[in-house]
Amino acid sequence: MSAPAHRYLSLGAGVQSSCLLLLAVRGEIPTFDAAVFADTGWEPTAVYAHLRRLERLAATAGIPVVRVSAGNIRADALDPAHRFASMPLFTLGPGGERGMARRQCTSEYKIRPIKVEVRRRLGYPHPTRVPAGVVAEMAIGISVDEIGRARDADVAYMRNVFPLLDLGWRRGDCLAYLTEHSLSDTPRSACVGCPYRTDTEWARLRQDDPAGWDDAVAFDAAIRHGSARANAAGHPLRGQFFLHRQRIPLDEVTLRPRQQEQPDAPGCGPWTCPHPESPPETAHGAAGAAQSEVRD
Ligand code: SF4
């Protein structure tokens, strides 16, 4: 297999991918042609501030940080004219059945725009066929403690590589390295209203980012009765959607953050989400409680 002529970083802007960028900037791993950040448009302000800091850092080593986007996940979810790329919402059926909506958002808002960008940079934008042997290397920030999440790319024109696994680094090694270089406050990257947040993370959002919390509360209320597009098309949700696992309005939840300091759950990187991916769009208003539902 020939060596890839293109080498990119999947920059989720969380601990591991920020660490990879820093390693490349400092010349400790081979550099990248670009670091690609897939922007859902709904990251916390701390993540965007961190990203601007990474952009300045990367520029010192001539690595462009490229932001790609498939739209604003929050606005799209509430837009009756937009297909609903289902978020992993908690569902409550009319008879009290508990479930979860299928997760399609990571694929739609993160993986897809990165693939579009890689194809463009390879010179074969969709729908042009990428010739066999034309391959871009995509570095993904998975550390040794997350090795089970390392996967091959699902397209022939990308080859996933895992520099942290090659180094034998764990998340703690990444944190120590970031701390050594004044990036100890690297935030967890995930949408403001991502239902995968723990109570500790919800409580932190409420305390540290009141505008973000209010935004999530408003979104939670707005999606209660399902996808705007499906409702507009006359397919109401048989049940309710919620952002919080307790399946009550977010601003009514009694949050129970853990008392001891715990490491954050992994953020939502394009290829590093710890939660299972779901198959493509399922029928709206399917049997059960929710549009695109799976069991909790
Ligand atoms: S952070 Fe959550 S809502 Fe946002 S893309 Fe990832 S899984 Fe979906």
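The values are calculated or read from the model by the stated rules, or taken from the named source; none is laboratory data. None of the values given here were measured: they were computed from a predicted structure. All Cβ positions, glycine included, derive from the backbone under ideal geometry; neighbour counts span all protein chains shown.
Points to keep in mind about this one:
- From the options PRO64, PRO30, PRO80, PRO44, residue that is in contact with a Lys or Arg (Cβ under 9 Å, 6 or more places away or on another chain), more than 21 Å from ALA153 (Cβ to Cβ) and surrounded by fewer than 19 Cβ atoms within 10 Å (Cβ to Cβ): PRO80
- Pair list, Cβ under 6 Å, 6 or more apart: the stretch 65-76 residue within 26 Å of LEU20 (Cβ to Cβ), other residue of a type in the set (Asp, Glu) and away from the ligand (no atom under 13 Å from the Cβ): VAL65/GLU55; VAL68/GLU117
- Flag for ARG247 being more than 15 Å from the ligand (Cβ to nearest atom), in contact with a Ser or Thr (Cβ under 9 Å, 6 or more places away or on another chain), touching a residue at least 40 places away in the same chain (Cβ under 8 Å) and at positive phi: yes
- ILE248 meets all of the listed conditions (1) modelled with pLDDT of 95 or more; (2) within 22 Å of the chain's Cα centre (by Cα); (3) hydrophobic (A, V, I, L, M, F, W, C) but one, namely (2).
- Restricting the stretch 113-138 to residues that are surrounded by 16 or more Cβ atoms within 10 Å (Cβ to Cβ) and basic (Lys, Arg) leaves a set whose member that is nearest to ASP152 (Cα to Cα) is LYS115.
- Exactly one residue among ALA232, ALA221 is surrounded by fewer than 17 Cβ atoms within 10 Å (Cβ to Cβ), among the small types (Gly, Ala, Ser) and under 22 Å from THR254 (Cβ atoms), and that residue is ALA221.
- Condition check for PHE90: among the aromatic types (Phe, Trp, Tyr), in contact with a Phe, Trp or Tyr (Cβ under 8 Å, 6 or more places away or on another chain) and away from the ligand (no atom under 11 Å from the Cβ): yes
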